[in-house]
Amino acid sequence: MTFHSMWAELLPVGRSSASGGYRRFAWTGADADCRDWFRAQAEARGLTYEVDRNGNQWAWLGDPAEGDAVVTGSHLDSVPDGGAFDGPLGVVSSFAALDELRARHVKFTRPVAIVNFGDEEGARFGLACVGSRLAAGQLTVEQAHRLTDADGITLPQAMERAGYDPDTIGPDPERLSRIGAFVELHVEQGRALDLSGDRVGIASAIWPHGRWRFDFRGEANHAGTTRLVDRRDPMLSYAETVLAARREAQLAGAVATFGKISVEPNGVNAIPSLVRGWLDSRAADQATLDTVVTGVEKAAREYAEAHGVELDVVRESFTPVVEFEHALRDELARILGRDKHAGLTVPVLGTGAGHDAGILSGTVPTAMLFVRNPTGVSHSPAEYAAEDDCVAGVTALADVLEGLACR
Ligand code: HGY
Ligand code: MN
Ligand code: MN
Ligand code: MN
């Protein structure tokens, strides 16, 4: 199957006809369809298919027990109204790269695997990279059991309903110890490659990032009859906090976003009793991120007090800075530097986006390839990469796999 035909097959899965965006949330029907697709791709190629204890899917060429495997892959789930590329580009390119290597008649000297990590985006349960975090022991079983979606369904319940055994979840050091190198190909989520005029780049680092939940609690009351001075309106302190986040991020050269909010009772003619907003903040280094989040929280407390509102701030997740392994990165640069399609020097770039590769990097030598995104737009239906660039990404990934697994 060509890149194009695999891409076309996956394209309609979980796509909203209203927005054109994707809603492939972990352990839902759309996710199951993506997983079926992955399994079919593995089986069509005669690869050994397996699902690990955390629900991540693997397709093996060669014997995993040999160890020192070269693994590639990404994720198939999406954010709410996400684009087609974030995640799937890496998985589809992995299968296409393997096909290309087989067409080159290379001789593999190490086992190779393709992986689809479950619940990378955290759109349903609020925590990103659940599958890789569990495997790497960066999320405990107890924490995983407490993850709950907007309908009150817990992660184990959702897994069970999707036909997976939730009792097996937990650290998977044995499986990770078989991996000698993990390379994740991903659409770029910025415009660095477009600006440098390159189709493919190599990742240097991932910014530290996290999610914080701000609960502003006030008093529900009638929107028509309650005098302004008598109100304890949490929406006001929330709104001021959004502005403070922008200010703090701008001052620090970081980013801060309130992209999700829930309001109770959520009535057009009621002053809210609760406004819950989620802050996503990221910066190039830890100290800067701390400054931003501390600044936002301090401002939020002042606004809350001014409006007679109570505030709780909970850090829901945090991922420290990731510096990808230099030796593997240099190896990728050496391999790709030989190729005309990627130019003589391959750009090396950092990113503010989280990835399973970042989670694994503490345990396994890990690297990433980025494919040009001409607008830089991501986490939106407008996310795009040109087919020529995707095909260049496949060739680059095939070259990397050949360089690593066929020496
Ligand atoms: O960066 C993120 O928000 C997610 O991990 N993809
Ligand atoms: Mn994403
Ligand atoms: Mn992604
Ligand atoms: Mn009334």
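So which residues in the range 65-123 are among the charged types (D, E, K, R), assigned to a loop (DSSP other than H, G, I, E, B) and either free of Cβ contacts under 8 Å to residues at least 12 places away in the same chain or away from ligand 2 (no atom under 16 Å from the Cβ) (or both), if there are any at all? Walk me through it before giving the result.
Of all residues in the range 65-123, those among the charged types (D, E, K, R) come to 66, 68, 77, 81, 86, 99-100, 102, 104, 107, 110, 119-121.
Still in the list and also assigned to a loop (DSSP other than H, G, I, E, B): 68, 77, 81, 86, 104, 107, 110, 119-121.
Hits for the range 65-123 are Asp68, Arg104, Lys107, Arg110.
Residues Phe324, Phe370, Phe318: which one is hydrophobic (A, V, I, L, M, F, W, C), closer than 30 Å to Pro171 by Cα, touching a residue at least 24 places away in the same chain (Cβ under 8 Å) and within 16 Å of ligand 2 (Cβ to nearest atom)?
Values: Phe324 fails: within 16 Å of ligand 2 (Cβ to nearest atom); Phe318 fails: within 16 Å of ligand 2 (Cβ to nearest atom).
Only one candidate passes the filter, namely Phe370.
Give me the residue from the range 286-303 that is in contact with an Asp or Glu (Cβ under 6 Å, 6 or more places away or on another chain) and β-branched (Val, Ile, Thr) and, out of that set, farthest from Ala353 (Cα to Cα).
Start the filter on the range 286-303 by keeping residues that are in contact with an Asp or Glu (Cβ under 6 Å, 6 or more places away or on another chain), which leaves 292, 295-296, 303.
Next, only the ones that are β-branched (Val, Ile, Thr) stay: 292, 296.
Working: Val292: 17, Val296: 21 Å.
Across the range 286-303, the extreme among qualifying residues is Val296.
Which residues, taken from the range 189-231, are of a type in the set (Asp, Glu) and out of contact with any Pro (no Cβ under 8 Å at 6 or more places or on another chain)?
Start the filter on the range 189-231 by keeping residues that are of a type in the set (Asp, Glu), which leaves 194, 198, 215, 219, 230.
Within the range 189-231, Asp215, Glu219, Asp230 meet the criteria.
Every residue in the range 340-362 that is over 18 Å from the mean Cα position of the chain (by Cα), closer than 24 Å to Ala284 by Cβ and in contact (Cβ under 8 Å) with a residue 40 or more places away in the chain, please. Step through it out loud before you land on a result.
Residues of the range 340-362 over 18 Å from the mean Cα position of the chain (by Cα): 340-348.
Next, only the ones that are closer than 24 Å to Ala284 by Cβ stay: 345-348.
Within the range 340-362, Val346, Pro347, Val348 qualify.
Conditions (1) surrounded by 18 or more Cβ atoms within 10 Å (Cβ to Cβ); (2) more than 28 Å from Pro80 (Cα to Cα), marked per residue:
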| position | (1), (2) |
| --- | --- |
| His222 | no, yes |
| Asp233 | yes, yes |
| Leu236 | yes, no |
| Glu305 | no, yes |
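Look at Val293 and say whether it is surrounded by 19 or more Cβ atoms within 10 Å (Cβ to Cβ), closer than 23 Å to Cys129 by Cα, away from ligand 2 (no atom under 16 Å from the Cβ) and assigned by TED's automatic domain parsing to the domain that holds Leu236. Let's see the steps before the verdict.
Numbers: surrounded by 19 or more Cβ atoms within 10 Å (Cβ to Cβ): yes; closer than 23 Å to Cys129 by Cα: yes; away from ligand 2 (no atom under 16 Å from the Cβ): yes; assigned by TED's automatic domain parsing to the domain that holds Leu236: yes.
Yes; evaluated as a whole, the condition is true for this residue.
Which one is farthest from ligand 1 (Cβ to nearest atom) among residues in the range 177-212 that are β-branched (Val, Ile, Thr) and within 13 Å of the chain's Cα centre (by Cα)? Explain how you work it out, then say what you get.
Filtering the range 177-212 for residues β-branched (Val, Ile, Thr) gives 179, 183, 187, 200, 202, 206.
Then keep just the ones that are within 13 Å of the chain's Cα centre (by Cα); that gives 187, 206.
Values: Val187: 11, Ile206: 8 Å.
It comes out as Val187.
Got at least one residue in the range 275-285 being small (Gly, Ala, Ser), under 20 Å from Gly352 (Cα atoms) and free of Cβ contacts under 8 Å to residues at least 40 places away in the same chain? Outline the logic, then answer.
Keep residues of the range 275-285 that are small (Gly, Ala, Ser), which gives 277, 281, 283-284.
From what is left, the residues that are under 20 Å from Gly352 (Cα atoms) are 281, 283-284.
Adding the requirement that they be free of Cβ contacts under 8 Å to residues at least 40 places away in the same chain leaves none.
No, the range 275-285 has no match at all.
Which residues, taken from the range 362-407, are part of a helix (DSSP H, G or I) and in contact with a Phe, Trp or Tyr (Cβ under 7 Å, 6 or more places away or on another chain)? Break it down into steps so the answer makes sense when it comes.
Step one: of the range 362-407, the residues part of a helix (DSSP H, G or I) are 387-405.
Those that are part of a helix (DSSP H, G or I) and in contact with a Phe, Trp or Tyr (Cβ under 7 Å, 6 or more places away or on another chain): Cys390, Val391, Val394, Ala405.
From His355, His379, grab the single residue that is touching a strand residue (DSSP E or B) at 6+ places or on another chain (Cβ under 7 Å) and at positive phi. Working first, answer last.
Numbers: His355 fails: at positive phi.
Being touching a strand residue (DSSP E or B) at 6+ places or on another chain (Cβ under 7 Å) and at positive phi holds for just one of His355, His379, which is His379.
Starting from the range 161-185, keep only residues that are free of Cβ contacts under 8 Å to residues at least 60 places away in the same chain, then list their pairs with residues that are surrounded by 12 or more Cβ atoms within 10 Å (Cβ to Cβ) and in a helix (DSSP H, G or I) whose Cβ atoms are within a distance under 6 Å, requiring at least 6 positions of separation or different chains.
Pro166/Pro156; Pro166/Met159; Pro166/Glu160
Among the candidates Gly393, Gly337, Gly354, which residue alone is assigned by TED's automatic domain parsing to the domain that holds Asp77 and more than 15 Å from ligand 3 (Cβ to nearest atom)?
Details: Gly393 fails: more than 15 Å from ligand 3 (Cβ to nearest atom); Gly354 fails: more than 15 Å from ligand 3 (Cβ to nearest atom).
Matching residue, one of Gly393, Gly337, Gly354: Gly337.
Could you tell me whether any residue of the range 232-247 is under 12 Å from Ala300 (Cα atoms) and of a type in the set (S, T, N, Q)? Spell out how you get there, then give the answer.
Going through the range 232-247, the residues under 12 Å from Ala300 (Cα atoms) turn out to be 234-245.
Those still in the list that are of a type in the set (S, T, N, Q) too: 237, 241.
Scanning the range 232-247 turns up at least one residue that is under 12 Å from Ala300 (Cα atoms) and of a type in the set (S, T, N, Q).
Mind listing just one residue for me: the one in the range 326-348 that is modelled with pLDDT of 90 or more and among the acidic types (Asp, Glu) and, of those, surrounded by the most Cβ atoms within 10 Å (Cβ to Cβ)? Show your work before the answer.
Of all residues in the range 326-348, those modelled with pLDDT of 90 or more come to 326-336, 348.
When the remaining residues are screened for being among the acidic types (Asp, Glu), the result is 330-331.
Numbers: Asp330: 14, Glu331: 18.
So the residue we want is Glu331.
The values are calculated or read from the model by the stated rules, or taken from the named source; none is laboratory data. As the structure is a computational prediction, the values presented were derived from the model and not from experiment. Every residue, glycine as well, gets a Cβ built from its backbone with ideal geometry; the counts of neighbours run over all protein chains shown.
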